[in-house]
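> One structure follows; several queries about it will come next.
The values are calculated or read from the model by the stated rules, or taken from the named source; none is laboratory data. Note that the structure is a prediction, hence the values are computed from the model and not measured. Cβ placement follows ideal geometry from the backbone for every residue including glycine, while neighbour counts extend to all protein chains displayed. The protein model used for the area step is the full one, side chains on, heavy atoms only, and it has no ligands, DNA or RNA in it. Shrake-Rupley method; radii C 1.70, N 1.55, O 1.52, S 1.80 Å.
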Amino acid sequence: MRDLVVRGCDVLVEPGDLREQVDLVLAGERVAAVGVGAAGVGGSAAGAGARELDGRGLLAIPGLVNAHTHSPENCLRGVGEGLGLEPWLMTMFGAGGDLDAEAHEVTVLAGAAEMLRNGTTSVIDHLWMTPPSPRALDAALRAYAASGMRATVAPLMEDRDVTDQLAAQLGLDVSAGLVTALPEALGTTELLAVLRHAFETWHGAEDGRLRILAGPGGVQWASDELLLGSAELAARHGGGVHIHLLETTVQAAACRAAFGRSGLQRLADLGLVGPGLSLPHSVWIEAADVETIAAGGATVVHNPAANTRLGSGRAPIAALLRAGAHVALGTDGSASSDNQSVWDAMKLAALIHNDADADVWVGSAEVLRMATTGGVRVMARGGGGAAGATADGLGTLRPGAPADFALLDRRVSGLAGAFALEPSLVLSEDGRAVRHVFVAGRQLVADGRCLTIDEADVNGRLRELAQRRARDADPLPAAVARAVGQMRALRQALAERGP
C-alpha cells in the first residue's frame, strides 16, 4: 500500500479540533501527520513515491461508525408502516422467510456500499439469521471482507420469550406471536456452537478489520444460560456483548413481570454490565439504570430513526450524557429506519431531544462523538475493556490513528454556507458531499463511486430478492395475521392498565 498525501485540505481531527488548509499524510494504514507543510521536503512523514491527492476545497472527517444495524433488512424496506415494534416484528419475519447464504451476501454488500458512499467506514451488524447457521454467518462475513469496510458482527440469538408471562397477567394469549417471532428456533447449546464458530473463524480476521461480538437478541428473549454462555465466549476471545435493551413499554413490563426487576438490573445481577457491553435502544430504562450504565462503563446505542418510525419512544440521551455514560449512534435495520444513513441518525439525535426548558441539549459536537469514537467503543477493540476501546485513536484523525476517513466537498450546498462547521455537518449535511472514503489507508470510494462493490449488480440482485419476498408475503399468511392481532391487543391492554 502506497503512502498518501492529501494536500491543502481541512481536517476535523475530532470535534473541537479543526485544522484548515493543511496536509493530511498517511503512512500505510495509519495517519502519519496533520499540519501545514507536513508533507513538505525535509521531515516528510510520507515515504518516497507517495501518492498525492489535491485536497483544496475538501474536508477530511473521521469515518462514521454505524453502531447498530441488521443487514438482512436491506431487502425488507417499507415493511410494517404504521405498526409498533411488536406487531411490526411479526409482520417483518412473516415477510422475510428463510434467508440463504446468497441472500446474506447480497444484503451485506448492498448495505456496505450504501454506508461507504456516505462516509461510514465501520458497522456493527446485529445479524439475525433464519435460521442461525455457520453457513449464513460465513456468507455475511465473506461479504464484509470483500467490501473493505471495518465490520463487527454480533450473531443475534434468542432461546425464549418471557412476553407470555406479561400477557397472562393481562388475561391474554400471545402464543401465535411468540411462535412467529422465533421461527425454527435452535436450542441454547446449538446457538452457542454457532457463536463459538464465529469467534474461532472470524474474530480478528482481515488484519483485525473483522470482529465478532456476542449478540443475544434481548433481555426478555434470552435465558440465563444463553446470556452467561455468550458472555463467557466473548470474554475468552477478547470481544464484547451487544444486546437490545428495553425498546418498548411492552419489553419493560415483560421484564418486570418475569424477573421482578428492570431488564438492565437483570444484566447487572448476572455481572454483565461493564465496558464491553453495548445496549442498542435503551428507551425505557429507569433512573437507577442510567446510573448503573454510567458507573459500569457500558455504551448505549441510540437509534432515533427506528425508535421514531415504530413509535417506541425517546431514549433518555440527555440524562445519560449528564451521568457521564457513553453513547453511540446507529441506524438500526432498513426495515425500521428505511436507510443506512448515519447522517439521518445524527440529525435526528440532535433534534428530537431539544427542550427549551432543559438545562442540557444534545449538541452537534456530542452527536459527532457518538457517531465516531462512541461507536468505536462498541467494537470492544480493547478486549472488551474501556482502556483499549479507543486507545489507538480510531474514530479520530490524530497522528498514529488508523486511517479511516471521508473527504467531503465543502463547495456542496450543505457545507458551502456553513457558518459553524460542526452544526452544519450534523444538521445540514446528508452525505451528498462525500467524495472519497478510506479504510485503513485503502481507498474504497473515489469520486462517489464504490471501488470494491459492483453496485449495479448487487442492487439488481437485491431488487429480485425484495420482490420475491413481497410476492411471497402477499397476502399476509393467516398465522402472521393472528400474531399481529395478538401483539396489538397486548400493547392496547398494557396501555389501558397504565404504569
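> Pairs under 7 Å by beta carbon, first residue within 22 Å of Q443 (Cα to Cα) and among the charged types (D, E, K, R) in region 128-156, partner open to solvent by less than 10 Å² (accessible area, probe 1.4 Å) and assigned to a loop (DSSP other than H, G, I, E, B), six or more apart or different chains?
R150/D404
> Ok, one more. Of everything in region 194-220, what is surrounded by fewer than 24 Cβ atoms within 10 Å (Cβ to Cβ) and in contact with a Lys or Arg (Cβ under 7 Å, 6 or more places away or on another chain)? Give them in sequence order.
Matches in region 194-220: H203, G204, R209.
> If the Cβ limit is 8 Å and pairs must be 6+ apart or interchain, which residue in region 425-452 that is in a helix (DSSP H, G or I) pairs with which residue that is hydroxyl-bearing (S, T, Y)?
From region 425-452, the pairs are L425/S364; V426/S364; L427/S364.
> I've got another one for you. Every residue in region 338-358 that is free of Cβ contacts under 8 Å to residues at least 40 places away in the same chain and either among the acidic types (D, E) or open to solvent by less than 50 Å² (accessible area, probe 1.4 Å) (or both), please.
Listed by number, the residues that qualify are H353, D355, D357.
> Name the one entry in D332, D289 that is part of a helix (DSSP H, G or I), among the charged types (D, E, K, R) and crowded, with 18+ Cβ neighbours inside 10 Å.
D289
> Looking at R2, R51, R30, can you tell me which residue is charged (D, E, K, R) and modelled with pLDDT of 95 or more?
R30
> Check A295 against each of (1) free of Cβ contacts under 8 Å to residues at least 40 places away in the same chain; (2) open to solvent by less than 50 Å² (accessible area, probe 1.4 Å); (3) outside any loop (DSSP other than H, G, I, E, B); (4) not polar (S, T, N, Q) and name the one condition it does not meet.
Status for A295: all satisfied but (2).
> A follow-up question, please. In region 77-87, what count of residues is obtained for those that are in contact with a Ser or Thr (Cβ under 8 Å, 6 or more places away or on another chain) and open to solvent by less than 10 Å² (accessible area, probe 1.4 Å)?
1
> While we're looking at this one, here's another question. Within region 238-270, take every residue that is free of Cβ contacts under 8 Å to residues at least 12 places away in the same chain and not in a helix (DSSP H, G or I) and give me the one that is nearest to G333 (Cα to Cα).
R261
> If only one of T189, T152 is at pLDDT 90 or above, of a type in the set (V, I, T) and under 23 Å from the mean Cα position of the chain (by Cα), which one is it?
T152
> Condition (residue is closer than 30 Å to G393 by Cβ and part of a loop (DSSP other than H, G, I, E, B)) applied to region 460-477: is it met by at least one residue?
No - not one qualifying residue is present in region 460-477.
> Assess whether L89 counts as being modelled with pLDDT of 95 or more and part of a helix (DSSP H, G or I).
no
> Just for region 452-499: of the residues that are at pLDDT 95 or above and surrounded by 14 or more Cβ atoms within 10 Å (Cβ to Cβ), which one is nearest to A406 (Cα to Cα)?
Across region 452-499, the extreme among qualifying residues is T452.
> For region 137-159, give me the residue count where each residue is touching an Asp or Glu at 6+ places or on another chain (Cβ under 6 Å) and of a type in the set (S, T, N, Q).
0
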